[in-house]
Structures are given as C-alpha cells and as structure tokens.
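Undergrad: Provided herewith is a single structure, encoded as structure tokens, for subsequent inquiry.
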Amino acid sequence: EHKQKLEVIYGASVRSMNLVKQLVAFSRKQQLKIEDLDLDNIIMDFQMLLQKILREDIEIQYIPSDEQLYVQADRGQLEQVILNLATNAQDVMPEGGTISIETKLVELDEYYTGTHLEVTPGSYAQLMISDNGEGMDTETREHIFEPFYTNKEAGEGSGLGLATVYGIVKQHGGSIWVYSEPGQGTSFKIYLPASDIAPREESSHVLQEPEQGKSRKEMVLVVEDEEIVRDLTVNVLQQQGYNVLNAGNGADCIQLVQDYEGPLDLLITDVIMPDINGRDLYDRVVEYFPELPVIFMSGYPENSISSHGVLDKGVDFLQKPFSVKDLDHKVREVLARREKIE
C-alpha cells in the first residue's frame, strides 16, 4: 500500500518536473548547451530510441539531406523538438500511419520573408516532420502554438507540447511553419540558421540570379487559395517578364478558362484547396487547353502527396515555401521542355 502511494507521488513529481521544463522552454529562459552539431547525425542517433517510444503501427520514414547540415544548437533540446512533434503526429494517427522526417539545406529569400516577417534571409537547415493523419482546420492551426491549447480529451495532454517546440525553435534563432488541411495530414517545417562550421560545395542546381524585366511573353495561370502566397507568386512571375492570370480557387479558375480566349502556356496550381484538389483542377483545365503543362505546388512533401494518391510520382512539383530562384528555374525548365516537344 505504501509502495503504491509512493509510486503515485513519484509519478506526480515527474509530471510536475516535465511541466516546469516545458514552461521554461516556452518562456525561452532555460540555459542551452550550444554546440556545432550535424543535424542528420542527431536524427540518426535518436531514430532508434524514437521507434521504441512510438507505437508499433507507426512507421518512421527518414530522408536525410544530400549534404551535411551543421547548426549551432543544444542537442537535448533538438531531440525534445523531434520527440514532441513525433508523438503529436502519433496521436493524430490512432490506427497507425507514417511519420516522415526530412532534412535539407535551403535558402530563404525575400519571397519567404514576405510572408514570415520575423525571418531574416539566409541559409537555413530545414527539418520537416510530416504525418498522414487527420490534419487540422484553419482555426486549430491558428492556435496550436499557444500554451495550454489542446484539442485532446481532459487528462490526455498538457497543451504544452507544441508550445514547447515553438519556444525551443525561437530560442535557437529559428522559425517554425505548419501546413495542414483536414484529412490531408500535417507538415511541420523548422528552419534553423545553418552553421558555417564546414565548407559546403556549391550545389549543382544553384542558378544565376533570375533575369528581371525580360519580356518572356508566355501566359501563366496561377491558382492558389492563400491570397498572400498568390500575390507574391504573381508578382515574382511578372517581374520575370511573364504575363500572368490568377484565381483564388478552383471554381474561379474554371470560370476564367471558360471565358478566356487568349493563349495559355502554363498552369501553376496549389495541390490542396478547399473546393477541389490541384490534380482534378488540371484535368478540367486541359479540356480547354489540351497538353497544357502544369507545375503543382504544396506545403506537403512530394512523397506525402503521392502516397495520398493526389499526384502521380514524377510530376513537376514545387514544395512551399520555395525561393524566387526555385520558382524561376522550374517555370523555365517546364516551358523549355514544352518548346522542345513543339
């Protein structure tokens, strides 16, 4: 009897200790042990333990970066971020599923900072953790990083898991972004300033600065339900000299192509929209413009979109957020391929 009471007291003490740790992390006042760390090594070392913590019906898919990613960070805190996001993903997949962990080096330019004002342009290590669970609606997305906010049943969570993640990421000088739609899963993208501890060879896919102001004349149709993303994409394409039409949803796009009598050279569409997915929209548009090339874009990783059966593998795809260079390169690549065929 005494042992049982002691175990209850001990369990309460541990939960209290963890709660205090989470509160301190959220307030960003804990002392960090900052080291130069290889992000992929941390994930590989932690992956075996993570698999033991998660349920057996949860598969971990790990896609490491093509190049070494060094960050200045506290190893324990980064492991806490991965653990919190993974267990959160597990909770929204009660019947099992896949958690995808992916890393890569990215350049965040003015295109990205136009929608994320707290971010400084530069080189970042991206850590993306995605699930194929139930996803979130807009209202939930707007509150998930608030302390004590939870949509779980009473007693199932403190509501500090994602608030803790937010606090740790911010204390490391990084940013976190979430992309989710009901029924389509969720992707968390964390950006940590890349460390210059090791010299990196220039990636072979880096392009010259986009040529601004050149008249390319091609007509591009952009379909994106987030107004600020749509406006920025249209603006970037116009700066590169393209003629641009745009629509905020599938219905407006279909109406536009029905009424439009001019040439159309390319469709750029978001994959997940409230009224229609990008693949089905493209099938409707090609009824009016046969063999029209298309670039699909999404905040979800390409393998996640393909596994949902929304897109075929090998399609032209841009993962949001993308840079001006990424957009310009992909558009030029697709249009050049079309010219060759013609």
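Undergrad: Work out, step by step, the length gained on full extension between E333 and D196: first 0.36 nm times the residue separation, then minus their alpha carbon distance; give nm to one decimal.
TA: Result for the pair: 46.2 nm of gain on full extension.
Undergrad: What FRET efficiency comes out for the pair Y288/T138, r = Cβ-Cβ distance, R0 = 35 Å, nearest 0.05?
TA: 0.65
Undergrad: Moving to a separate point now. Strictly over 25 Å apart at the Cα level, which of K104/K217; K217/K330; K104/K320 would you flag in this model?
TA: Beyond 25 Å: K104/K217.
Undergrad: Return the distance in nm (one decimal) between the two label points of a simple spin-label model at D45 and D225, each offset 7 Å from Cα along Cα→Cβ.
TA: Once both label points are built, they end up 4.2 nm from each other.
Undergrad: Accessible area, 1.4 Å probe, largest first: how do I295, I34 sort?
TA: Reading off the accessible areas and sorting them downward yields I34, I295.
The values are calculated or read from the model by the stated rules, or taken from the named source; none is laboratory data. Everything quoted here is computed from the prediction, not taken from an experiment. FYI the Cβ positions are ideal-geometry reconstructions off the backbone, even for glycines, and counts take in every protein chain you see. Note: areas computed on protein heavy atoms with side chains; ligands, DNA, RNA excluded. Shrake-Rupley method; radii C 1.70, N 1.55, O 1.52, S 1.80 Å.
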